[in-house]
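Values in this text are rule-based calculations from the coordinates and carry no lab data. Please read these numbers as outputs of a predicted model, since none were measured by experiment. Cβ placement follows ideal geometry from the backbone for every residue including glycine, while neighbour counts extend to all protein chains displayed.
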Amino acid sequence: MLDIRIQNGLLELLKQKPLNDITTKDIIESAEASRKTFYTNYKDKRDLLMEIEGAIITDLQEALKEDRKCLTQHSSFPDKEEIFRLSQGSFAHTVQVCSDYREVSRILLSPNGDINLLTRIKRITYSEFMHRGKLLFYFNSQHPSTNVHPSPIPVDYLFEIYTGTLTNIIVHWVRSDNRISTSALREIMGYAQTHSPVELIYLTNFDEQADPNQPSHHFNS
């Protein structure tokens, strides 16, 4: 059972020093809790850490799965405009969960935190975005553009680019001090699905001081 005092005690310590340097005694003192309270709920600091991270992973998985339902409400072969439009709904729950856990995740994904959390996040988002890629882009012979514009890149590399880009955007947003809105984040993810990095660079005015909540002012789909 997650004890908020003890959780916050660990998180406060992680702002100051690496996980490996933190002892159970440190956590108990930081949380102003008793040894009995700690050991009633957790075996050790790793058990506490896994419970905190487990809550994040579980909620993220459920949000990703819920958002995927949005992708069944589109035409057989959606074009760029429709894929961009769908991004507002297909990332709604996911981005909200990331927002809810943002402060906790920033600490856990910091140099003092647990590198394994990033690996776990990438694993579940990679799996989910693989499903989404198949729903949106139909990398098979049924797609009308397959024989007209065959890809010079093997499908597994395409999926790696697609899933890696979306996952890295989420992780960067969590870690970043730039407080763009959740709506703006969904818009960025929409552009990432419909434009190449080179296209986005050419569409960006680096001389302007961007309003971080208005990415659409710098791009034209």
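For this structure, a couple of remarks:
- Each residue of the stretch 161-169 is assigned a 3J(HN,Hα), and the resulting list reads 5, 5, 5, x, 4, 5, 5, 5, 5 Hz, derived from the Karplus form 6.51 cos²θ - 1.76 cosθ + 1.60 (θ = phi - 60°), x at Gly and Pro.
- Two-decimal ratio, the stretch 44-113, of alpha-carbon radius of gyration to 2.2 N^0.38 Å: 1.44
- Violating pairs (Cα-Cα greater than 32 angstrom) within the set 17/43; 36/65; 45/134; 45/122: 36/65; 45/134
- Karplus-derived 3J(HN,Hα) values for the stretch 40-51, using 6.51 cos²θ - 1.76 cosθ + 1.60 with θ = phi - 60°, are 6, 9, 9, 6, 6, 5, 5, 5, 4, 4, 5, 6 Hz; glycine and proline are entered as x.
- Of the peptides 10-16, 91-97, 40-46, 196-202, the order by per-residue mean of other Cβ atoms within 10 Å, starting with the highest, comes out as 91-97, 10-16, 40-46, 196-202.
- Whole-Å distance, taken between Cα centres, linking the stretch 79-93 and the stretch 1-72: 33
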